[in-house]
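First comes the structure, then the notes that go with it.
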Amino acid sequence: MYRKVMLSLTLLCLILLTLIAWKVGVFTTIAGLPFFPLIEKIITNTYFSGVSCSIIGVVIIYKWQVWYSKRKLKQDFRCNECIEDIYDGIETVGKYAPLVPEREKGNKDCDCNELRKKNAQKYVGFYLEHKGDVYFANLALSYEGNDLLIDSIQSCFFINLNFKLLEILNNVKNRLPNLRNKYPEIEELEKKYKETPNEELMIQLGEKLASYFVDARFMAGYWKELFDYLEYDPTFIKLFVKTYNTRYKFEDDIKLPVTVRNNQMIEVKREVRRAILRNKFRNFWKK
């Protein structure tokens, strides 16, 4: 919907500008001028030069702000820990999602109750078989501590001017309540079903799981899209967090001044990048 609205507004503005240019005779004037003298007149025009410099300045400032914000965000160790856990959740969903059974569609002659029961049995059976992976992925993708990462992103960027990032973040925030609310309901239904097994509870659980698996797949996709936009490397993030936690204890690190912690993170970052480069060179001829 957002893209449709923006496209409509862009086309409307383009049409209005074209009509205004036609009304004041811009096209007639352009048609009567040679090409190179026309270019020279446009460049030497004070109004055109002022507008062009303003546009170029805004673009440069915007690009620099995006680059600088990404850089500062990557220096936040707390955010890196959140991202490491979310990457684990994305990988887990990527492993079990292709195995999720597809809902069988019926026809006008089929028994709807039997079809619902059959589909529910598939989803419940799959869930019980992969419960550990489903639980871990849900915790990683919807953990309330991830709100820290979202808040940090919103505070780092001019979020209302960055439409792409705003769209991705809204997708993440809109899908989060589904995972946070549905999974406790699934666990409650599972508990009731194990205590008093019956078809009605099984069907409720199966339908709830079918909806949940769709939400989990979308959630993993939105998080990955966000990290791709921010240019995060999952290998670097995991190695960085592991190296930092190995070298510095949390209880000691939290007491240090911000400048000291920043220097520690820069040192670890350089070490990790060197390790990744060494590994790439070492395995270059093995591919």
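We did not get these values from a lab; they are worked out from the coordinates using the rules stated. Predicted, not measured: the structure shown is a model, and the values here were computed from it. Using ideal geometry, Cβ is built from the backbone for each residue, glycine included, and neighbour counts are taken over all protein chains shown.
Given an 8 Å cut-off on Cα distances and at least 6 residues of separation, report the relative contact order of the chain as a percent. Show your work: numbers first, answer last.
Values: 169 pairs, mean separation 63.9, N = 287.
Reported as a whole number, the value is 22 percent.
On a 0 to 90° scale, report how tilted helix 112-129 is relative to the longest principal axis of the chain, with both axes built from alpha carbons and the result rounded to the nearest 10.
The angle comes out at about 90 degrees.
For Y47 and L128, calculate 0.36 nm times their separation in residues minus their Cα-Cα distance, and state this gained length in nm to one decimal. Could you put the intermediate results ahead of the total?
On the way: separation 81, 0.36 × 81 = 29.16 nm, distance 6.91 nm.
Stretched fully, the Y47-L128 segment lengthens by 22.2 nm.
If one takes the longest principal axis of the Cα atoms in the chain, at what angle in degrees, from 0 to 90 and to the nearest 10, does the Cα axis of helix 234-247 lie?
Result, in degrees: 70.
Give or take rounding to whole Å, what are the principal axis extents of the alpha carbon atoms in the stretch 80-231, in descending order?
Largest first, the stretch 80-231 extends 55, 35, 23 Å along its Cα principal axes.
Arrange the peptides 63-74, 89-100 so that the one whose residues have, on average, the most other Cβ atoms within 10 Å appears first.
Numbers: 63-74: 14.7, 89-100: 17.3.
Most protected by this proxy first, the peptides run 89-100, 63-74.
Hey, what number do you get for the chain at 222 nm if only DSSP H runs of n ≥ 4 count, each worth -39500 (n - 2.57), divided across all residues, to the nearest 500? Mind dumping the intermediate values first?
Working: 13 runs with 235 residues, N = 287.
Only helices count here, giving -27500 deg cm²/dmol.
Does anyone have the angle between helix 77-96 and the longest principal axis of the chain? Alpha-carbon axes, 0 to 90°, nearest 10?
Compared with the principal axis, the helix lies near 60 degrees.
Sorted by average packing, counted as other Cβ atoms within 10 angstrom per residue and highest first, what order do 118-126, 264-272 take?
On the way: 118-126: 18.3, 264-272: 15.9.
Packing order, densest peptide first, comes out as 118-126, 264-272.
Using Cβ contacts closer than 10 Å as the measure, can you line up F240, F227 from fewest to most?
On the way: F240 24, F227 18.
By the 10 Å Cβ count, ascending: F227, F240.
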